[in-house]
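This report refers to the structure that appears directly beneath it.
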Amino acid sequence: MPINREEVREFFNGLACKWDSYTPAEDWIVTKIFTNIGSIQNQTVLDVGCGTGFLVPYYIQGNVGDLDCIDIAEQMIGVARSKFDYANVNFICDDILEYEADEKYDLIMIFNAFPHIPATRETFMHLASLLKTDGIMTIAHSMSRENLIRHHDGVSESVSVNLPETSVLEDLSRDNFKIIKTADDDDMVQIIFKKTSK
């Protein structure tokens, strides 16, 4: 069953009011994810599926340049806007697959969100269109593949699917990206892509 983006929106709107009561990730895992990316100082960043803005303090600590945080669920964005007020942070309610940016980004972060996005060549093509040449995109999860499957157990397949194997993601993205780093262990999954010039 394919991802239904309207059902994804409704699902996360229903969770927005209690989302911050969950512990989405341990600090050391998130720090490792950012370390694997490298410096974000003065970079333009797009945080896809930002939810209520969990990663915002990490971006601020890293001296990010301009940060756009996008989520399909308007109630998630509403909570995020109520929590953070930084001149360089902008919250956007939109479907990432329909989003068009005025300027291209240095980095796209998809943290704990990719299972809710259709894993297709068209998706990777659209994400590539939002990045500068040689820009970086990372798909990251703060748990192992096994725990991620368990975490989404019982959630409708129209809202969440299993994270594809790295080899599948490599094939789907090969027209626009090359994979430059991976981490896949008992604590986390992270795939780092670099946009190619072809």
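Could you tell me how many of the residues in the stretch 77-113 are out of contact with any Gly (no Cβ under 8 Å at 6 or more places or on another chain), surrounded by 14 or more Cβ atoms within 10 Å (Cβ to Cβ) and assigned to a helix (DSSP H, G or I)?
Residues meeting the conditions: 3.
In this structure, is Ile180 touching a strand residue (DSSP E or B) at 6+ places or on another chain (Cβ under 9 Å), modelled with pLDDT of 95 or more and within 26 Å of Glu10 (Cα to Cα)?
Considered against the rule, which asks whether it is touching a strand residue (DSSP E or B) at 6+ places or on another chain (Cβ under 9 Å), modelled with pLDDT of 95 or more and within 26 Å of Glu10 (Cα to Cα), Ile180 comes out as no.
Please verify whether the stretch 154-169 includes one or more residues that are of a type outside the set (Gly, Ala, Ser), touching a residue at least 40 places away in the same chain (Cβ under 8 Å), in contact with a helix residue (DSSP H, G or I) (Cβ under 6 Å, 6 or more places away or on another chain) and part of a strand (DSSP E or B).
No; the residues of the stretch 154-169 include none that is of a type outside the set (Gly, Ala, Ser), touching a residue at least 40 places away in the same chain (Cβ under 8 Å), in contact with a helix residue (DSSP H, G or I) (Cβ under 6 Å, 6 or more places away or on another chain) and part of a strand (DSSP E or B).
Among the numbered conditions (1) of a type outside the set (Val, Ile, Thr); (2) in contact with a Gly (Cβ under 7 Å, 6 or more places away or on another chain); (3) modelled with pLDDT of 95 or more; (4) under 20 Å from Glu7 (Cα atoms), tell me where His116 comes up short.
With (1) of a type outside the set (Val, Ile, Thr); (2) in contact with a Gly (Cβ under 7 Å, 6 or more places away or on another chain); (3) modelled with pLDDT of 95 or more; (4) under 20 Å from Glu7 (Cα atoms) applied to His116, the lone miss is (3).
For Glu26, work out the one condition from (1) touching a residue at least 60 places away in the same chain (Cβ under 8 Å); (2) within 29 Å of Ser158 (Cβ to Cβ) it doesn't fulfil.
Going through (1) touching a residue at least 60 places away in the same chain (Cβ under 8 Å); (2) within 29 Å of Ser158 (Cβ to Cβ) one by one, Glu26 breaks only (2).
Asp186 - would you say it is in contact (Cβ under 8 Å) with a residue 24 or more places away in the chain, of a type in the set (Asp, Glu) and at negative phi?
Here the answer is yes, as Asp186 does meet what is asked.
Output the number of residues of the stretch 115-151 satisfying the condition of being touching a residue at least 60 places away in the same chain (Cβ under 8 Å) and among the polar types (S, T, N, Q).
Matching residues across the stretch 115-151 total 3.
The values are calculated or read from the model by the stated rules, or taken from the named source; none is laboratory data. These numbers come from a predicted model, not from an experiment. Neighbour counts are summed over all protein chains in view; Cβ atoms, including those assigned to glycine, are modelled from backbone coordinates with ideal geometry.
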